[in-house]
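These notes are about the structure you will find just below.
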Amino acid sequence: MSDAAVPAPNLAAGVAPGHEPQVGHEPPHHAPHVAHHFDDEVQQHEAATLGMWAFLATEVLFFGGLFTAYAVYRHYYFEEFMHASRHFLIWWLGAINTGVLLVSSLTVALAVHAAQNGEQKKLVRMLVFTIILGTMFLGIKAIEYTLDYHEGFVPGRFFRPELEGEAAKLNRSHLELFMGFYFVLTGIHATHMLVGLGLFAWLIYNAARGRFTREWSNPVEICGLYWHFVDLVWIFLFPLLYLIR
């Protein structure tokens, strides 16, 4: 065969010899729920889980700083902190809220299980129960805040507790400091709960349309992990604030 019969490389098109596109070659097929930058469902799931754990690690650092500050002042002003915990807070309301959150952790776990098994109706039902329980928690906390306001336990110009007997000898600024920690810690926790309830509402919207399957339940699992963390924070807050003895 003469040299004239050999096809010349397509240099004008910027394609090097030996690298011409193959006819019929297509990129690997991705499932609709897999983002284009992931190879498959497993890689996407692992990346999402790792991302949530990294976020929760920063949350641990955040709450850890607040807990450390609280522990230091509780050590120095223990008498005032103990008096405020006993007489300013209603421990049984905190206990009820603890039970409510523990039950909500159960409903979240059941929701994740339902999502993994492709049970859409059960998934929606468990998420609705979780939202109801979370709203109940916030409602009880709102009652507590209202009672604190009317009793004069809110730090600042509204702080006017009635101290009698031996309690009159306590340092009022230290009592106010305890209530400051109480409102900051429980307020931040309640804010996290509001975020969680918003996420669950979004999950219900998508679950009702059948968008979660056995092969893809990442959002439910990730949101469930976040909610378990929020519940765990309260498990620490309840004894630290309500059960100082």
Leading residue by the ranking (nearest to residue 115 (Cα to Cα)) among those in segment 191-223 that are of a type in the set (A, V, I, L, M) and free of Cβ contacts under 8 Å to residues at least 60 places away in the same chain: 199
Residues that are under 30 Å from residue 87 (Cβ atoms) and not aliphatic (A, V, I, L, M), drawn from segment 217-245: 231, 234, 236, 238, 239, 242, 245
All positions within segment 205-215 that are surrounded by fewer than 19 Cβ atoms within 10 Å (Cβ to Cβ) and either at pLDDT 90 or above or not charged (D, E, K, R) (or both): 205, 206, 208, 210, 213
Test: residue in segment 108-118 that is modelled with pLDDT of 55 or more, closer than 30 Å to residue 159 by Cβ and part of a loop (DSSP other than H, G, I, E, B): no
Residue count for segment 56-77, restricted to those that are aromatic (Phe, Trp, Tyr), touching a residue at least 40 places away in the same chain (Cβ under 8 Å) and assigned to a helix (DSSP H, G or I): 4
Top-ranked residue of segment 40-64 - restricted to ones that are β-branched (Val, Ile, Thr) and surrounded by 11 or more Cβ atoms within 10 Å (Cβ to Cβ), ranked as modelled with the lowest pLDDT: 49
Residues that are closer than 14 Å to residue 77 by Cβ and either modelled with pLDDT under 90 or surrounded by 17 or more Cβ atoms within 10 Å (Cβ to Cβ) (or both), drawn from segment 168-179: 169, 170, 174, 175, 176, 177, 178, 179
Filter result for residue 84 (hydrophobic (A, V, I, L, M, F, W, C), surrounded by 14 or more Cβ atoms within 10 Å (Cβ to Cβ) and either under 22 Å from residue 166 (Cα atoms) or in contact with a strand residue (DSSP E or B) (Cβ under 7 Å, 6 or more places away or on another chain) (or both)): yes
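The values are calculated or read from the model by the stated rules, or taken from the named source; none is laboratory data. Just so we're clear, the structure is a prediction, and the values are computed from it rather than from any experiment. Ideal geometry is used to build each Cβ from the backbone, glycine not excepted, and the neighbour counts take in all protein chains shown.
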